[in-house]
Amino acid sequence: MREILVLAEHRRGEIREITFEMLTKGRDIAEKTKSELASIILGKNIKDKAEVLSRYSDKVLVVEDDRLELFNSDIYQEALSHIIIERKPLIIMIGHTSYGVELAPSLAVSLSTPLVTDCLDLFFENGHLTAIRQMYGGKTYAKIKVKKADSYMVTFRQGVTQPVERNFKGEIVEIPSPILKEPIKKKVLDYVLPSVGEVDISSADILVSLGRGIKDRSNISLGEELAKVLGGVLACSRPIVDKGWLPRDRQVGASGKTVKPKLYLALGISGAFQHIVGMKDSQLIISVNKDPNAPIFNISHYGVVDDLFKIVPALINKIKEVKKIK
Amino acid sequence: MDIIVCVKHVPEVAEVDLRIDESGRDIEKTGLVFDINEWDDYAVEEAIRIKEEYGGSVTVVTVGSEDSDRTLRRCLAKGADRAIRVTDRRIVASDPFIVAKVLSKVIKKMTFDLVLTGAQSSDYGYAFVGPALSSLLGIPHTTLVKKIVIKDGRVVVNRELEGGLEEVVEIKLPAVLTIQTGINEPRYVSIMGIKKAMKKELRVLTLDDLGLSVDEVGVESSWIQIEEMYIPSIERRVELIRGSPEEVASKIVEIIKGRGLL
Ligand SMILES: Cc1cc2nc3c(=O)[nH]c(=O)nc-3n(C[C@H](O)[C@H](O)[C@H](O)COP(=O)(O)OP(=O)(O)OC[C@H]3O[C@@H](n4cnc5c(N)ncnc54)[C@H](O)[C@@H]3O)c2cc1C
Ligand SMILES: Nc1ncnc2c1ncn2[C@@H]1O[C@H](COP(=O)(O)O)[C@@H](O)[C@H]1O
């Protein structure tokens with residue numbers, strides 16, 4: 001029986017959520033293609049992690065090697081190449097994460113296995129592996145047909161599949177480390193933890209979040225004023241931090257903070273997935289964007305298609321009126 | 001340090017009402033404003049800064065149509081030394097694997113210490129070409145780079161992980177690095193720069209110049225193909241609040257009051 005092989009992603013002792021998301025999607029594909037769902041975990045002292053994976057998988061492959069302690073894609077590539085060549089899985093699923101984007105393309109090229117990156121959905125159609133992915137910053141969707149091959153590789157987007165807890169008892173199989181060559185060209189030396197900022201946006205009830213639509217550093221004060229009258233805290237998308245208009249501890253998203261406030265007001269934010277992944281679970285999302293096709297509207301509860309420079313001043317006035325602030 | 005930077009000329013779409021073109025496989029591009037891919041802008045800046053500090057050269061390379069010259073000229077105006085454009089109608093509609101293959105053919109003919117690409121393109125967003133290129137060139141790579149320190153025959157970089165975490169990676173040269181936004185502050189083009197750029201070399205290559213045959217590129221040998229592109233309609237996605245700014249403001253206040261947030 002062919003395998004759908006899901007690469008478990010773990011960091012600093014934790015299996016990352018994308019793993020369970022992929023195992024959930026992988027189960028669906030395995031059932032439809034009558035394949036077996038296998039997960040594979042590589043690392044140092046990670047045997048105890050196999051248990052939780054076995055609840056989602058028909059089989060868990062465990063590879064232990066001291067050289068796999070840190071995530072070095074060269075060493076992962078060496079180990080996985082041997083295993084993939086031997087097992088010939090139908091589909092290899094890897095997270096579209098900072099680890100996955102480092103590993104998957106060069107692994108795919110070296111094995112001549114067709115790869116589609118950043119998939120939201122996967123299925124077979126007329127015998128072709130077919131993927132749904134976003135393009136143009138999430139404003140359009142594309143149906144991608146993959147060239148027929150013996151094996152396929154995909155990287156899968158985080159936060160689009162709701163993980164479903166299962167009660168499988170997959171067999172745990174230890175595989176002797178197949179690493180032959182010492183990688184010498186790349187060494188992972190250390191982690192750097194984010195510096196503790198002054199503001200913890202993840203504990204705020206109300207966030208007023210600014211995106212590139214705010215246009216200029218001098219307009220940040222408009223967001224500040226709205227946050228103040230609302231009794232909320234100012235947050236932002238990545239370009240605002242990249243430009244140095246707000247400090248890094250205000251950034252919401254994949255490479256910033258994950259937030260779940262009672263109210264998230266998104267002003268001039270397009271809604272790239274790296275932003276959405278950090279705020280989509282907010283209780284109430286209201287977005288103001290002048291582009292009706294901005295992907296932020298996909299996950300907003302309420303949307304205003306208008307110029308934020310018209311809406312925000314009106315909103316500040318209205319709140320002041322209601323709160324009787326002068 | 002001799003540095004090659006791969007750059008892509010892309011349409012700016014953030015504020016545009018997009019339409020699907022006749023083929024049904026891409027957006028209608030006529031009338032759109034094109035510019036350098038945001039991530040590549042940071043990569044070009046980083047390359048120029050390294051050159052300014054350590055000497056050497058910066059070559060920008062693109063696979064694209066003649067229109068890409070605008071982006072290449074701007075890179076030259078900022079301080080790149082030369083530009084190469086690969087244009088061939090047989091490459092049109094190729095996938096990122098083919099693009100990486102074509103770029104690798106160009107780069108193999110050159111001497112270099114470092115290849116920089118963007119972490120991803122803003123139009124297709126594959127995050128594929130950089131690391132795929134390293135594999136085709138047989139050299140190491142690392143992605144999502146936020147800081148580069150040049151050492152003897154190697155670089156030490158910080159790469160970005162989720163949640164603000166970074167990883168410190170040491171890598172031997174030559175290598176491919178994919179650049180993340182925020183690594184620097186890209187400079188603006190100066191009038192002086194534009195004048196100088198006019199005299200700099202911009203070479204145009206075809207598949208024949210690279211020794212690539214048709215069956216090595218194009219749709220047939222691509223791994224993936226866009227079969228259909230579509231835009232979901234807004235009404236199905238979100239409850240819209242309509243009206244004048246004052247009416248909209250009143251409705252928003254009502255909603256948040258209803259949640260006990262005011
Ligand atoms: C590995 C990686 C990690 C990343 N991590 C993050 C992250 O943690 N957080 C993050 O945010 N991004 C992250 N990004 C970047 C992300 O891909 C997008 O580039 C970014 O989120 C875009 O920010 P934006 O929406 O503010 O800007 P844009 O995409 O430029 O959107 C601006 C929006 O403002 C609207 N607008 C303009 N003017 C007005 C106006 N007057 N009134 C109303 N609306 C207006 C436009 O219609 C547009 O929709 C990451 C990218 C990568 C590759
Ligand atoms: N047509 C192209 N010409 C030159 N470089 C490209 C091209 N397409 C992609 N790249 C480079 O590869 C990076 C990643 O692109 P992508 O894999 O499409 O997300 C870009 O930031 C560019 O540096």
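The values are calculated or read from the model by the stated rules, or taken from the named source; none is laboratory data. No experiment lies behind these values; they were computed from the predicted model shown. Neighbour counts run over all protein chains shown; Cβ positions are idealised from the backbone, glycine included. Just the protein is used for accessible areas: all its heavy atoms, side chains included, with ligands, DNA and RNA removed. Shrake-Rupley method; radii C 1.70, N 1.55, O 1.52, S 1.80 Å.
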**Asked** Quick one: in the stretch B:1-56, which of the residues that are of a type in the set (D, E) and part of a loop (DSSP other than H, G, I, E, B) is nearest to ligand 1 (Cβ to nearest atom)?
**Response** B:E15
**Fill in**
Going through (1) away from ligand 2 (no atom under 16 Å from the Cβ); (2) open to solvent by 10 Å² or more (accessible area, probe 1.4 Å); (3) within 7 Å of chain B (Cβ to nearest Cβ) one by one, A:A254 fails only at (1)
**Prompt:** Do any residues in the stretch A:262-275 that are more than 16 Å from ligand 2 (Cβ to nearest atom) have Cβ atoms under 6 Å from those of residues that are charged (D, E, K, R), where the two are at least six apart or on different chains, and which pairs are they?
**Reply:** A:K262/A:D205
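Kindly evaluate B:V106 against the criterion of being more than 8 Å from chain A (Cβ to nearest Cβ), in contact (Cβ under 8 Å) with a residue 24 or more places away in the chain, part of a helix (DSSP H, G or I) and more than 8 Å from ligand 2 (Cβ to nearest atom).
Values: more than 8 Å from chain A (Cβ to nearest Cβ): yes; in contact (Cβ under 8 Å) with a residue 24 or more places away in the chain: yes; part of a helix (DSSP H, G or I): yes; more than 8 Å from ligand 2 (Cβ to nearest atom): yes.
Considered against the rule, which asks whether it is more than 8 Å from chain A (Cβ to nearest Cβ), in contact (Cβ under 8 Å) with a residue 24 or more places away in the chain, part of a helix (DSSP H, G or I) and more than 8 Å from ligand 2 (Cβ to nearest atom), B:V106 comes out as yes.
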**Prompt:** In the stretch B:168-183, how many are more than 16 Å from ligand 1 (Cβ to nearest atom) and open to solvent by less than 80 Å² (accessible area, probe 1.4 Å)?
**Reply:** 7
**Message:** Condition check: farther than 16 Å from A:P313 by Cα, without any contact (Cβ under 8 Å) to a residue 60 or more places away in the chain, more than 10 Å from ligand 1 (Cβ to nearest atom) and of a type in the set (K, R). Does A:R238 satisfy that?
**Reply:** no
**Item:** Verdict on B:R85 being among the charged types (D, E, K, R), surrounded by 21 or more Cβ atoms within 10 Å (Cβ to Cβ), touching a strand residue (DSSP E or B) at 6+ places or on another chain (Cβ under 7 Å) and more than 10 Å from every other protein chain (Cβ to nearest Cβ)
**Value:** yes
**Request:** Tell me which residues, restricted to the stretch B:78-95, are assigned to a loop (DSSP other than H, G, I, E, B) and touching a helix residue (DSSP H, G or I) at 6+ places or on another chain (Cβ under 7 Å).
**Result:** B:G79, B:A80, B:T87, B:D88, B:R90, B:I91, B:A93, B:S94
**Looking only at the stretch A:257-286, and only at residues there that are facing chain B (nearest Cβ under 8 Å) and touching a helix residue (DSSP H, G or I) at 6+ places or on another chain (Cβ under 7 Å), the one that is surrounded by the most Cβ atoms within 10 Å (Cβ to Cβ)** = A:S270
**Complete:** Log entry, pairs with first residue in the stretch B:126-149 being more than 7 Å from chain A (Cβ to nearest Cβ) and over 17 Å from A:G100 (Cα atoms), second being in a helix (DSSP H, G or I) and polar (S, T, N, Q), beta carbons closer than 7 Å, six or more apart or on different chains, reads B:L137/B:S104
**Asked** So which residues in the stretch B:121-167 are open to solvent by 10 Å² or more (accessible area, probe 1.4 Å), among the hydrophobic types (A, V, I, L, M, F, W, C) and either within 13 Å of ligand 1 (Cβ to nearest atom) or under 16 Å from the mean Cα position of the chain (by Cα) (or both)?
**Response** B:A127, B:V129, B:L144, B:L165
**Asked** Hey, does the stretch B:242-252 have a residue that's part of a helix (DSSP H, G or I), at pLDDT below 95, in contact with a helix residue (DSSP H, G or I) (Cβ under 7 Å, 6 or more places away or on another chain) and acidic (D, E)?
**Response** no
**Message:** Here's a check for you: in the stretch A:293-315, which residue that is more than 7 Å from chain B (Cβ to nearest Cβ) and in contact (Cβ under 8 Å) with a residue 60 or more places away in the chain is most open to solvent (accessible area, probe 1.4 Å)?
**Reply:** A:F309
**Message:** What's the total number of residues in the stretch B:92-117 that are within 16 Å of ligand 1 (Cβ to nearest atom), open to solvent by 10 Å² or more (accessible area, probe 1.4 Å) and over 24 Å from A:K147 (Cβ atoms)?
**Reply:** 0
